[in-house]
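Following: one structure in structure tokens, then a few remarks.
The values are calculated or read from the model by the stated rules, or taken from the named source; none is laboratory data. The shown structure was predicted, so the numbers you read here are calculated from the model rather than taken from an experiment. Cβ sites come from the backbone with ideal geometry, for glycine too, and all protein chains shown count toward neighbours.
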Amino acid sequence: MTMSTVGAQFGPHRHARGRAAVPQHRRLRGGEWWRTIPGWHDVDAATFHDHRWQLRNTVRGADDLAQVLGERAQPAFLADLRAALRRATMAVRVTPYTLSLIDWADPAADPIRRQFLPLHSEQEPDHPMSRMDALAEQQDAVVPGLTHRYPDKVLLLCLDACPTLCRCCTRSYSVGDDTEQVDKCDLQVDPRRWDKAFRYLRGATQVEDVVVSGGDVGLLSAAHLRVIGEALLDMPHIRRIRFATRAPAVLPQKLLSDRDWSETIGDLAARGRQQGKQICVHTHFDHPDEITEVTRQACDLLFQQGVPLRNQSVLLTGVNDDLETMVTLIRRLAWINVEPYYVYLHDVVPGDDALRTSLADAVELEKNVRGQTAGFMTPTFVCDALGGGGKRELHSYEHYDQQTGIGVYRSPVVDPDRPFFSFDPLRTLSARMRMAWRSPAMRQTMVARAVAAAGM
Ligand SMILES: *Cc1c(COP(=O)(O)O)cnc(C)c1O
């Protein structure tokens, strides 16, 4: 679909066309849809919505998938998946809940499948500038798993496990099992490592804001969650704590059936409020199909406990890079009281170039999104600039050349003199330009010219 046809559909006078049916974004999937998958045909709702069952039955590769899909498995699709996994930087791990939302009649075209299950037929060569740790988080780590890049906020990686592994992961240097391509750095659940981070933070009194991430804090036990939350709340200078988990999107059962866990979040938030501090949950939905009636219930549980819930999406080709999908996603999030916070340009990490978009397309999408709904429900589109520049608002580049695909950003707070970069996927460049990127000398020249054009 082209931008202009979608733009017309979402044009300024659409709201004036009289009373329409229930809008798309309010129609949430319900019922027992997973029963159409042969392996789960006999699984009742009580079992399916138990987070322990979900974790026990997580699909960890093509063999698991073939078994679950039974006669619905398409041999060509499975062969395509197997071929992709031989060169993947991220292993496969998908919860039954997420897997059940994929349209198995046409998995190749499905936007949820694209996020979690790679296909050889859609893989593209990596951009030569791609890096495993594109955001230089390890370089800026003050103790293992604690990145302190900005004056008053830090990123604490508590664990390296996730219930579902995303292909676009920027932490594929650590998260997930080793693959045939990568041995990963360990950041396991380890209270002694956390103690080192807490010791640092007690002394770092300029820090007011802690992002507790991973991995996914949805895989921490309630007891560990409490240990981390209370240690941080006990530091008078820390005023804001965000727990990052994709559980609302890929394992909403965690919130609904592990009441210990969700009540711990609620308790910490209540204790925080008494101290004048804010505790919230940051999550990650990329496509409106990920939001079901179960999601709504899970998010309501947090909302009713007064825990703000915010969303960070990644812009992905063929998943959410068209206006209609992005607007439906944003409206659906707003409908269930999840604030769309950021939409990230896909980081320049290896193994997923097929899903990256160009900066030009992202900028165009942003222009068409802004104004569609309340400003406070409209996400900021950002680029986490290569090399550790941190998040930059997409439009704020110093220089961008659509021919070379190089974007140059300044990040005065991180380092006023260093240029930081974005690189468009090779697929969006001309054949001549793709050739140029193959030559290390040409690469250097192109980057140097872009930096000069940016006046740096
Ligand atoms: C994203 C990030 C933060 C939080 O940034 P916000 O823009 O406030 O969401 C903090 N530290 C690091 C290293 C980060 O990458």
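Among the strands (runs of 3 or more DSSP E) confined to the stretch 391-456, the ones with at least 2 residues that are in contact with a Lys or Arg (Cβ under 9 Å, 6 or more places away or on another chain) and under 29 Å from residue 341 (Cβ atoms) are located at 406-411, 415-423.
Which residue out of 142, 182 is at pLDDT below 95, over 23 Å from the mean Cα position of the chain (by Cα) and not small (Gly, Ala, Ser)? Talk me through it step by step, then tell me what you get.
Values: 182 fails: over 23 Å from the mean Cα position of the chain (by Cα).
Residue meeting the stated conditions: 142.
Let's see how each residue does on (1) assigned by TED's automatic domain parsing to the domain that holds residue 27; (2) within 16 Å of the ligand (Cβ to nearest atom); (3) surrounded by fewer than 23 Cβ atoms within 10 Å (Cβ to Cβ):
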site	(1), (2), (3)
334	no, no, yes
340	no, yes, no
343	no, yes, no
349	no, yes, no
372	no, no, yes
382	no, yes, yes
388	no, yes, yes
411	no, yes, yes
415	no, yes, yes
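Kindly indicate the residue of the stretch 21-39 that is among the basic types (Lys, Arg) and either over 14 Å from residue 289 (Cα atoms) or in a loop (DSSP other than H, G, I, E, B) (or both) and also farthest from the chain's Cα centre (by Cα) among those meeting that condition. Top of the filtered list is 35.
Within the option set 208, 230, 263, being surrounded by fewer than 20 Cβ atoms within 10 Å (Cβ to Cβ), within 16 Å of the ligand (Cβ to nearest atom) and at pLDDT 95 or above holds for one residue only, 208. Cβ-Cβ contacts under 8 Å between residues 6 or more apart (or on different chains), taken from a first residue in the stretch 379-393 that is free of Cβ contacts under 8 Å to residues at least 24 places away in the same chain to a second residue that is within 10 Å of the ligand (Cβ to nearest atom), are listed as 393/380; 393/382. Screening residue 116 against (1) within 16 Å of the ligand (Cβ to nearest atom); (2) outside the structural domain of residue 212 (by TED's automatic domain parsing); (3) touching a Cys at 6+ places or on another chain (Cβ under 9 Å); (4) not small (Gly, Ala, Ser) leaves a single unmet condition, (1).
Just to be sure, is residue 213 farther than 25 Å from residue 150 by Cβ and hydroxyl-bearing (Ser, Thr, Tyr)? Criteria not met by residue 213. Scanning the stretch 168-189 for residues that are under 23 Å from residue 51 (Cβ atoms) and either outside the structural domain of residue 347 (by TED's automatic domain parsing) or more than 16 Å from the ligand (Cβ to nearest atom) (or both) yields 176, 177, 188, 189.
Tally up the residues in the stretch 233-256 that are part of a helix (DSSP H, G or I) and surrounded by fewer than 23 Cβ atoms within 10 Å (Cβ to Cβ), please.
2
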